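Asker: Quick one: the structure is below, and I'll ask about it shortly.
The values are calculated or read from the model by the stated rules, or taken from the named source; none is laboratory data. Values in this document were obtained by computation on a predicted structure and should not be read as measured data. Every residue, glycine as well, gets a Cβ built from its backbone with ideal geometry; the counts of neighbours run over all protein chains shown. Heavy atoms of the whole protein, side chains included, go into the accessibility calculation; ligands, DNA and RNA do not. Shrake-Rupley method; radii C 1.70, N 1.55, O 1.52, S 1.80 Å.
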Amino acid sequence: MPPTGAGQDHVTRTLAHYRTLTIDTLLADVPTGGPRYLYDLVAEYPRRWGKGLRAALCLAACRAFGGTPAVGLNAAVTVELFHNAFLIHDDIQDQSEQRRGARTLHGEYGVGVALNVGNMTNLLALQRLAANRQALGSQVSWRLFEETQLMLRHSVEGQAIEVGWIRDNVCDLDADDYYRMCLKKTSWYTCIYPCRTGILVATGRPDAVDVLDRYGWYLGAAFQIQDDALNLVGDYARYGKEIAGDLWEGKRTLILIDFLRRCTGQERERLVSFLGRTRAERTASEVRWLHRRLLAYHCVESARCSARELAAAARAEGERALGPAADTEDGRFLLDLTDYVVERSR
């Protein structure tokens, strides 16, 4: 059954609890001192508000499969560090202006500083991975490295697909193209990797890590589509990023792909021309025109319907994979997340 309001309150409380646990541990381990514009800025994004979804997935999967928060915490911090490094570098690639309600790191301190901080954040994540050898043993520690390598490869390939579409002004895309990109760019590092690492540290069984893969794939896609929708119709005060930023960046979201499929020939010609220019060459009036057309064609609501279908599929896969653990506190959290990701406002 879909979660009630109480179920969503449970999701919000659990996210906040696991985020606090993870971020406090992360910040306590960031070196102090050193050169300017490095360690103090590593802590910049984690200190801003955030959902903590990835760390919560890791810790909840760990507990649902018999582990404890203490066993899963190192993996959760690793996930969160990689996530923040991705944010820093993605913001540079996308030329984004806002992140979590404030200026992006590169907007405030310059590209050179931000790149360096992102690199250090990745290094700290690798150090966290290395620390698992003493706590979990060589076999599990090495498998965590392999899982991380797989996640990073999928994520970078997904990013390459997306930036390639923008660079080459690719406009003949369909929903399947979007979902393939989304699986690599979003689902792997947002949902699948956190779940796999949580299960691995809980069970010590490499053969069991994939049981939540389908759940994570569908959940990640639903999450990304809702993110795309919020970028167009969200409340900035809650969303924390610039509204219509995806249009300025020329991102091929499911919403934009739907419009390209259904618009008139004249509208398509205008859009292709718009997408063929750089962000700096695009104008506010063009972005407003495109924004209005996407709403007029109900492309946002159509995408949200797809997100809700994916969320329902994620819930069904989660129930199947969790079995009796679906009735535990963390099992219920994992299942109730499926509604949260498509109903959230930030």
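Asker: Out of Arg332, Arg320, Arg238, which single residue is under 30 Å from Arg214 (Cβ atoms), touching a residue at least 60 places away in the same chain (Cβ under 8 Å) and in a helix (DSSP H, G or I)?
Answerer: Result of the check over Arg332, Arg320, Arg238: Arg332.
Asker: Evaluate the stretch 284-297: report whether one residue or more is modelled with pLDDT under 95, more than 18 Å from Asp227 (Cα to Cα) and either touching a helix residue (DSSP H, G or I) at 6+ places or on another chain (Cβ under 7 Å) or in a helix (DSSP H, G or I) (or both).
Answerer: no
Asker: Condition test on Asp336, is it closer than 29 Å to Leu15 by Cβ and crowded, with 17+ Cβ neighbours inside 10 Å?
Answerer: Judged against the criteria, Asp336 is a match.
Asker: Identify all residues within the stretch 45-72 that are at pLDDT below 95, open to solvent by 30 Å² or more (accessible area, probe 1.4 Å) and out of contact with any strand residue (DSSP E or B) (no Cβ under 9 Å at 6 or more places or on another chain); write none if there are none.
Answerer: Arg47, Trp49, Lys51, Thr68, Pro69, Ala70, Val71 - these are the residues of the stretch 45-72 that are at pLDDT below 95, open to solvent by 30 Å² or more (accessible area, probe 1.4 Å) and out of contact with any strand residue (DSSP E or B) (no Cβ under 9 Å at 6 or more places or on another chain).
Asker: I'm trying to understand the selection: among the residues of the stretch 7-37, which are open to solvent by 50 Å² or more (accessible area, probe 1.4 Å), closer than 20 Å to Thr68 by Cα and in contact with a helix residue (DSSP H, G or I) (Cβ under 7 Å, 6 or more places away or on another chain)?
Answerer: Leu21
Asker: A further question on this structure: Looking only at the stretch 303-317, filter to residues that are under 17 Å from Asp210 (Cα atoms) and in contact with a Leu (Cβ under 7 Å, 6 or more places away or on another chain); which one of those is surrounded by the fewest Cβ atoms within 10 Å (Cβ to Cβ)?
Answerer: If we take residues in the stretch 303-317 being under 17 Å from Asp210 (Cα atoms) and in contact with a Leu (Cβ under 7 Å, 6 or more places away or on another chain), then Arg315 is surrounded by the fewest Cβ atoms within 10 Å (Cβ to Cβ).
Asker: Another one. If we only count helices (runs of 4 or more DSSP H) wholly inside the stretch 101-202, which ones have 2 or more residues that are open to solvent by less than 20 Å² (accessible area, probe 1.4 Å)?
Answerer: In the stretch 101-202, 111-130, 138-167, 175-182 are the helices (runs of 4 or more DSSP H) which contain 2 or more residues that are open to solvent by less than 20 Å² (accessible area, probe 1.4 Å).
Asker: While we're on this one: Any idea which of (1) closer than 20 Å to Asp174 by Cα; (2) hydrophobic (A, V, I, L, M, F, W, C); (3) under 18 Å from the mean Cα position of the chain (by Cα) is the one Cys299 doesn't satisfy?
Answerer: (3)
Yes/no matrix, rows are residues, columns are (1) open to solvent by 10 Å² or more (accessible area, probe 1.4 Å); (2) closer than 24 Å to Arg100 by Cα; (3) among the basic types (Lys, Arg); (4) touching a residue at least 24 places away in the same chain (Cβ under 8 Å):
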{"position": "Trp217", "(1), (2), (3), (4)": "yes, no, no, yes"}
{"position": "Gln224", "(1), (2), (3), (4)": "yes, yes, no, yes"}
{"position": "Lys251", "(1), (2), (3), (4)": "yes, yes, yes, yes"}
{"position": "Gly265", "(1), (2), (3), (4)": "yes, no, no, no"}
{"position": "His291", "(1), (2), (3), (4)": "yes, yes, no, yes"}
